[in-house]
Structure formats: structure tokens, C-alpha cells
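Presented below is the structure to which this report refers.
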Amino acid sequence: MFGEKHDLIHELPEYKDQIHKLKVSDRHFARLFDEYHELDHEIHRIEEGIETPDDAYIEERKKLRLHLKDQLVAMLTTS
């Protein structure tokens, strides 16, 4: 949805404790988590009109966000 934040805690509330555990114990997860959230904030600023890049850039960023989310969810569900 336009302008909606997609942070993992709100997207996956059932994994809140697992997210915290992996953030402190798994450096790779923590790095991906931080990258995901920085990207989510960037996309949110774009959707709010604070930043105005071209459509191709926006789509590339959204695809990267989805890719990172898929990786994080895979780590959550296998740990």
C-alpha cells in the first residue's frame, strides 16, 4: 500500500522474539535486518514525496526490499 511502512515487527509480529534473538546473536541476520529497514525507510520517503527518483529506481528498490525480506523470513523460519 502507498506510504505504508513494512517494518518486520509489524509485518511479522509472531516472530518478534525470534527477530530480537537473531539480531543479537547472528551478525548476518542483523546486517540484513538493518539493510532492510534502511531500504524500507527510503521507500517510505519516496512514497511520501520527500524524495522523487524515477520509477525504475523505485521498482528496483522495492524488489530489493522484497528479496531481503524473503531472506530474513527464511532465516526466521529455519532457526
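Quick note: the coordinates plus some simple rules give every number you see, no bench work behind them. Source: prediction; values computed, not measured. In this analysis, Cβ positions are derived from the backbone assuming ideal geometry, glycine residues included, and neighbour counts consider all displayed protein chains.
What dipole magnitude, in Debye to the nearest 20, does the chain give about its Cα centre under +1 on Lys/Arg Cβ and -1 on Asp/Glu Cβ? Before the final figure, lay out each step's value.
Numbers: 12 positive and 19 negative charges, 93 e Å.
Roughly 440 debye, rounded to the nearest 20.
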Subject >> In region 1-63, the chymotrypsin sites (Phe, Trp or Tyr not before Pro) that fall in loop regions by DSSP, at most 10 other Cβ within 10 Å >> reply: Phe2
Original post:
What is the distance, in nm, between label points placed 7 Å from the Cα along the Cα-to-Cβ direction at Glu59 and at Lys21?
Top reply: 4.0 nm
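Using helices alone, I'd like the mean residue ellipticity at 222 nm for the chain: each DSSP H run of four-plus residues gives -39500 (n - 2.57), total over residue count, nearest 500.
Details: 4 runs with 59 residues, N = 79.
-24500 deg cm²/dmol, from helical runs alone.
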Subject >> With Cα atoms, 0 to 90° folded angle of helix 27-47 axis to the chain main axis >> reply: 20 degrees
